[in-house]
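Notes to accompany the following structure.
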Amino acid sequence: MFVVDSNILIDAANRASDFHEPCRRTIERCRVQASPWYISWPICYEFLRVCTHPHVFPRPLSLSAAWQFMDNLLASQSAGVLVAGNRHAELLSRLVAEIPHLRGNILHDAHTAVLMREHGIREIYTRDTDFHRFPFLKVIDPVAS
């Protein structure tokens, strides 16, 4: 079990990205594998926000095209979406106690890390080195691999 972060999805969807091919191959492996893999709704919305943004993408996707990309991924039988459960506040409190210096934009990643911990998932496919701040996660960069 693992989570796929938005930056992998974004590069997989962006043919102009230098990282398109390794990220696309990672996503294709996810789509056909039998074992479960996950995203979260915040990861989904971040993908949609970036892929449709004209100041980020030279040729942004339409919302419909971006959603179609995501919807196709979610249609995979092995895909799942992590959502917060009853232990989420407890695990967030634990994270705040363990890593009290977190602030600002990294809290989006902290949300993902807490969701992963809540669901017993340790591995995340990402190009975001900030995830190394969470010692309970194993960060896998498909471009560096």
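Taking the range 75-101, which residues are part of a loop (DSSP other than H, G, I, E, B) and within 18 Å of GLU28 (Cβ to Cβ)?
Result: ALA75, SER76, GLN77, SER78.
Determine whether LEU9 is touching a Phe, Trp or Tyr at 6+ places or on another chain (Cβ under 8 Å) and over 22 Å from VAL139 (Cα atoms).
no
Are any residues in the range 12-48 among the hydrophobic types (A, V, I, L, M, F, W, C), outside any helix (DSSP H, G or I) and under 16 Å from the mean Cα position of the chain (by Cα), and if so, which ones?
Of everything in the range 12-48, those that are among the hydrophobic types (A, V, I, L, M, F, W, C), outside any helix (DSSP H, G or I) and under 16 Å from the mean Cα position of the chain (by Cα) turn out to be PHE19, TRP37, ILE39.
Can you work out which of the residues in the range 107-129 that are touching a Lys or Arg at 6+ places or on another chain (Cβ under 6 Å) and of a type in the set (Asp, Glu) is farthest from VAL4 (Cα to Cα)?
GLU118
Do you know which of the residues in the range 107-118 that are surrounded by fewer than 19 Cβ atoms within 10 Å (Cβ to Cβ) and in contact (Cβ under 8 Å) with a residue 40 or more places away in the chain is farthest from ALA97 (Cα to Cα)?
Residue satisfying both the conditions and the ranking: HIS108.
Evaluate the following for ARG31: is it over 22 Å from ALA144 (Cα atoms) and among the charged types (D, E, K, R)?
Against the criterion (over 22 Å from ALA144 (Cα atoms) and among the charged types (D, E, K, R)), ARG31 does not qualify.
Residues checked against (1) part of a helix (DSSP H, G or I); (2) touching a Cys at 6+ places or on another chain (Cβ under 6 Å); (3) under 24 Å from GLU28 (Cα atoms); (4) not aliphatic (A, V, I, L, M):
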position	(1), (2), (3), (4)
HIS55	no, no, no, yes
TRP67	yes, no, yes, yes
LEU73	yes, no, yes, no
ARG103	no, no, no, yes
ALA113	yes, no, yes, no
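Answer with yes or no whether GLN77 is at pLDDT below 95 and farther than 13 Å from ALA12 by Cβ.
When the stated conditions are applied, GLN77 passes them.
Quick one: VAL96 ticks every box in (1) over 20 Å from PRO36 (Cβ atoms); (2) of a type in the set (Val, Ile, Thr); (3) in contact with a Phe, Trp or Tyr (Cβ under 7 Å, 6 or more places away or on another chain) except a single one, so which number is it?
(3)
Given (1) surrounded by 18 or more Cβ atoms within 10 Å (Cβ to Cβ); (2) touching a helix residue (DSSP H, G or I) at 6+ places or on another chain (Cβ under 7 Å), identify the lone condition not met by PRO60.
Just one mismatch for PRO60, condition (1).
The values are calculated or read from the model by the stated rules, or taken from the named source; none is laboratory data. Small disclaimer: the values here were computed from a predicted structure and weren't measured. For neighbour counting, all protein chains shown are included, and Cβ atoms are generated from backbone atoms with ideal geometry for every residue, glycine included.
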